[in-house]
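S.K.: After the structure tokens below, expect a handful of questions from me.
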Amino acid sequence: MSEHSHSHGDHSHGDDAGHDHPHRSRPTSGDDPLPGVQHVILVMSGKGGVGKSTTATNLAMALSKRGFRTGLLDADIYGPSIPTMLGVTGRPVSTDGKTIAPLERFGIKLMSIGFLLDDPKSAVIWRGPMLHGALQQFLKDVAWGDLDYLVLDLPPGTGDVALSLAQRTSVTGAVIVTTPQNVATDDVFKSVSMCTKVDIPVLGVVENMSWFIDSAGVKHELFGAGGGQAIADFAKAPLLVQIPIDQNVREWGDKGTPIVQAMPESTVAAA
């Protein structure tokens, strides 16, 4: 189950396409681990399986295609998806003995715990402090360089990872991903509340898997309707896009090419 987001990241910041330097950069302090990054965007949800990784991947792709220098950090330590979705294998190396050079695909700088595992099917069994340490290294010790946008694909839930990020670096804002049904939105409301408590602005909401259109052209709202708008209203933020279920998104994601790259003229890519 996956989805994709294209226009939501672009429109939520009001930046003009093709500009190398987006305006309204986030404030940074002397100890900010990402001094060369203009905007840090979190893609998050309180619920697993709603399509955060596909949203993050296609958002990064859309920003890059508009001319912005873009990075994508897979912050889901226990369930990294970015290597598969972008078709990237290989191990990052250090050229100076101090920092790790990110991998690159489609012009996007990438880092994921998945690049560091000997066996992609092996489990990462870490307690909280180790997870925090890895995340801090991915921010501070990766040579991200000068970027307009760094998109972070966060794990499900409202716990340690988002809190650590909010404490360690200045975040531009969060894109909240949900599906329409109550079993998803019940958890996603908690993510919005957490953002409010730690002063992370909610840039907008992406509703994924909103409907399915069959071969006869009939629209089926398999997961109900209205969940994304309810989250947006609660967050006092726009509902950026409703993304239908489309088999092409899943197929191209499994093949390692995001839909924005593989089928840029398709209806779902335009979403």
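S.K.: Please give the strands (runs of 3 or more DSSP E) falling wholly within the range 32-121 in which 1 or more residues are among the aliphatic types (A, V, I, L, M) and either over 18 Å from Pro155 (Cα atoms) or touching a His at 6+ places or on another chain (Cβ under 7 Å) (or both).
M.R.: Correct list: 37-44, 103-105, 108-112.
S.K.: Scan the range 151-207 for residues that are assigned to a helix (DSSP H, G or I), under 26 Å from Pro102 (Cα atoms), in contact with a Pro (Cβ under 9 Å, 6 or more places away or on another chain) and charged (D, E, K, R) and jot them down.
M.R.: Selection gives Arg168 alone.
S.K.: For the range 78-96, how many residues meet the condition of being modelled with pLDDT under 85 and small (Gly, Ala, Ser)?
M.R.: Step one: list which residues in the range 78-96 are modelled with pLDDT under 85, which gives 78-80, 89-90, 95.
Filter again for small (Gly, Ala, Ser), leaving 79, 90.
Here the count works out to 2.
S.K.: Count, please, the residues in the range 155-177 that happen to be under 18 Å from Gly228 (Cβ atoms) and modelled with pLDDT of 90 or more.
M.R.: Number satisfying all stated conditions: 5.
S.K.: If you take the residues of the range 197-243 that are touching a helix residue (DSSP H, G or I) at 6+ places or on another chain (Cβ under 8 Å) and polar (S, T, N, Q), which of them is surrounded by the fewest Cβ atoms within 10 Å (Cβ to Cβ)?
M.R.: Gln242
S.K.: Only one residue in Val142, Val188, Val151 is surrounded by 15 or more Cβ atoms within 10 Å (Cβ to Cβ), closer than 20 Å to Val241 by Cβ, modelled with pLDDT of 90 or more and not aromatic (Phe, Trp, Tyr). Which one?
M.R.: On the way: Val142 fails: closer than 20 Å to Val241 by Cβ; Val188 fails: modelled with pLDDT of 90 or more.
Residue meeting the stated conditions: Val151.
S.K.: Within the set of pairs 6+ apart or on separate chains, which have a first residue in the range 89-102 that is without any contact (Cβ under 8 Å) to a residue 24 or more places away in the chain and surrounded by 10 or more Cβ atoms within 10 Å (Cβ to Cβ), a second that is of a type outside the set (D, E, K, R) and part of a strand (DSSP E or B), and C-beta atoms under 7 Å apart?
M.R.: Note: pairs meeting the criteria are Ser94/Ile100.
The values are calculated or read from the model by the stated rules, or taken from the named source; none is laboratory data. What you are looking at is a predicted structure, and each value in this text was computed from that prediction instead of being measured. No Cβ is skipped: glycine too gets one built from the backbone with ideal geometry, and neighbour counts run over all protein chains shown.
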